[in-house]
1. Of 155, 138, which residue is over 12 Å from residue 301 (Cα atoms) and either modelled with pLDDT under 85 or not assigned by TED's automatic domain parsing to the domain that holds residue 20 (or both)?
2. Kindly indicate whether residue 423 is touching a strand residue (DSSP E or B) at 6+ places or on another chain (Cβ under 7 Å), over 30 Å from residue 484 (Cα atoms) and surrounded by fewer than 19 Cβ atoms within 10 Å (Cβ to Cβ).
3. Kindly check whether there is at least one residue in segment 453-474 that is surrounded by fewer than 17 Cβ atoms within 10 Å (Cβ to Cβ) and within 31 Å of the chain's Cα centre (by Cα).
4. Within segment 109-122, work out how many residues are touching an Asp or Glu at 6+ places or on another chain (Cβ under 9 Å) and either aromatic (Phe, Trp, Tyr) or exposed (fewer than 15 other Cβ atoms within 10 Å of the Cβ) (or both).
5. Which ones in segment 123-135 are under 16 Å from the mean Cα position of the chain (by Cα) and loosely packed, with under 15 Cβ neighbours inside 10 Å?
6. Which of the following residues is without any contact (Cβ under 8 Å) to a residue 60 or more places away in the chain, touching a helix residue (DSSP H, G or I) at 6+ places or on another chain (Cβ under 8 Å) and among the aliphatic types (A, V, I, L, M): 359, 432?
7. Does segment 395-414 contain at least one residue that is over 33 Å from the mean Cα position of the chain (by Cα), surrounded by 18 or more Cβ atoms within 10 Å (Cβ to Cβ) and either acidic (Asp, Glu) or over 22 Å from residue 343 (Cα atoms) (or both)?
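The values are calculated or read from the model by the stated rules, or taken from the named source; none is laboratory data. Please read all numbers here as calculations on a predicted model, not as lab measurements. Note that each Cβ is placed from the backbone with ideal geometry, even for glycine, and that neighbours are counted across all protein chains shown.
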Amino acid sequence: MRLILTFFKAYPTQSIITLVAMLLAGIAEGFGLSMLLPLLGVVINTTSGAESLAGISPSHLERYVNGIFAAVGLQPTIGVLLAFFVGCIVLTALLSLLANKKVGYMVAQVATDLRLALIRALFATRWEYYVHQPIGMYTNAYATEANRSADAYLYGIRVIALLLRTTVYAAVALLMAWKETLIALGAGFFILYILRRLVTKAKKAGQRQTNLLNSLLALLTDTLQSIKPLKAMAREDMADLVLQKETNKLNRVLRKQVFSKEALKALQEPLITIFFAFGLYVAMIWWHIPLATVITMAFMLVKIIKTLQSAQKEHQTMVIAESAYWSLVSRIQETEGAHEDLGGTIEPIFDESIRLSQVSFSYGDKPVLRDISLNFPQGTFSAIIGPSGAGKTTIVDLITGLLSPQSGRVWLDDLDLAAVDLRAWRRMIGYVPQETLLLHDSVQMNVTLGDPKFSAGDVEDALRAAGAWDFVAEMADGIDTVVGERGSRLSGGQRQRITIARALVHKPRLLILDEATSALDPASEAAICATLRQLRGTLTILAISHQTAILDAADRAYRLRGGCAHLIEKNAAAGGEVERHGPSA
């Protein structure tokens, strides 16, 4: 019941409205069913010419119904009783429609709220936390766990609705024969108790399913991202074996769920039938209860036990799905706990330079930067070169505020970056990563990322600035041309230019290229560098690379080595570059 209470706290108003509608529907149905005993009594007594139940000792329910009719001045004839019975059933259907519609809306809302909470929490995390998370698990949480969580809410509401209906049925039955009803209720709960272990097994299988789906989706995501090299080396069969092993584990868990559900269904029916047959024999042979009462009691008690049976089935389905909810909530809470500190409230000003002053940074016990000082003047084209792992990307992450220096400071003009509003500063940055991650959508969508404030003219300007307009204009649909999965219809250089246009469309003050040319052939790299030279002066450019070709385009460059930075001065007379050792500013 913990899950149900949690949902009620999260959605109190909607849940109360839903339950009230369900309760009223149950009451209406119960009142309609209460017409059955007087109706059967009238039918059975027609042989004596009576149209009432005067010939039979009335039960509490009969006296109650007759009292209601007497109060409104009606005789409980067949026509009147049937009219009330039909009216109550119609009212029950209308109230059930209202309740079920509300439940359907709430199921969709639960899934939507959980998905949005997960995405917002993930986008707001610290960069150090984000890079260590398996994206496949978040994909599974967003797609699968959110749906299963909403289903758990649905099944939980159904359990409550069925219990409310059981309560109404029990109240009607108690008015007819309270001793027999109590015995029936006891037998019903005894049957539920006997079968409870099947619910427990289903719950454990549901938890195992959640864990396996998390690991399987994470593995599948990583595998699909590496499918090209796997196929190129004919190693996809190894990936297939690993995925097959995990999928077979999931299959075994799903089989356990199926067995638990089918076993519950199969065992409930004979147990209820045995109880019903025994109760019917006792009522008619030992207790000599009138036929009308026996028929109505049998009908009511069967509905009670059947409703309890349905409630147990829904509860079993709920406990299978609820592990997904707790897993998703746990992931959201953990992600929210890694919330990023967005610095201060000072508006950023970038008129002079970006400076790193005696900055050091380590990943765990591994030092990457040691007391370095760098200076990137506004309007210039600066480059950072060095081997892989030298700390080039770390410097970019420090400048963008994704990382904070463990010692030293990053300055934006005369402002400490730690005191600056980081979101406002990042809006002034255009970032081009090494991997050209394009959407399977149009060129325009890939440039604007769906931002409605950018017009087709803005897209064209950005493409021209990135040197991409010529080849885009030659495409069949121009900027509306679909680029394919991850830009598969474009060459490497074309994909990179589209990515540069994406970084330029919002007119940034600082353009950062993080190993943006490392995967290109020399001709494409030279073309990109020529484009960057044309942008020099209109904005500040910072390019990092482990290759040296970027030096020709840059005004100044730093080489990282052993955690230290060395300024490389171009020596025109010597026809090359001279490396100046020691800290540089």
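1. Working: 155 fails: either modelled with pLDDT under 85 or not assigned by TED's automatic domain parsing to the domain that holds residue 20 (or both).
Of 155, 138, the one residue that is over 12 Å from residue 301 (Cα atoms) and either modelled with pLDDT under 85 or not assigned by TED's automatic domain parsing to the domain that holds residue 20 (or both) is 138.
2. no
3. Checking segment 453-474: at least one residue is surrounded by fewer than 17 Cβ atoms within 10 Å (Cβ to Cβ) and within 31 Å of the chain's Cα centre (by Cα).
4. Residues that pass the stated criteria total 1.
5. Within segment 123-135, 123, 124, 135 meet the criteria.
6. Residue meeting the stated conditions: 359.
7. Checking segment 395-414: not a single residue is over 33 Å from the mean Cα position of the chain (by Cα), surrounded by 18 or more Cβ atoms within 10 Å (Cβ to Cβ) and either acidic (Asp, Glu) or over 22 Å from residue 343 (Cα atoms) (or both).
For every residue, the table says whether it meets (1) under 15 Å from residue 131 (Cβ atoms); (2) among the hydroxyl-bearing types (Ser, Thr, Tyr); (3) at pLDDT below 90.
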site: 355; (1), (2), (3): no, no, no
site: 364; (1), (2), (3): yes, no, yes
site: 379; (1), (2), (3): no, no, yes
site: 383; (1), (2), (3): no, no, yes
site: 411; (1), (2), (3): no, no, no
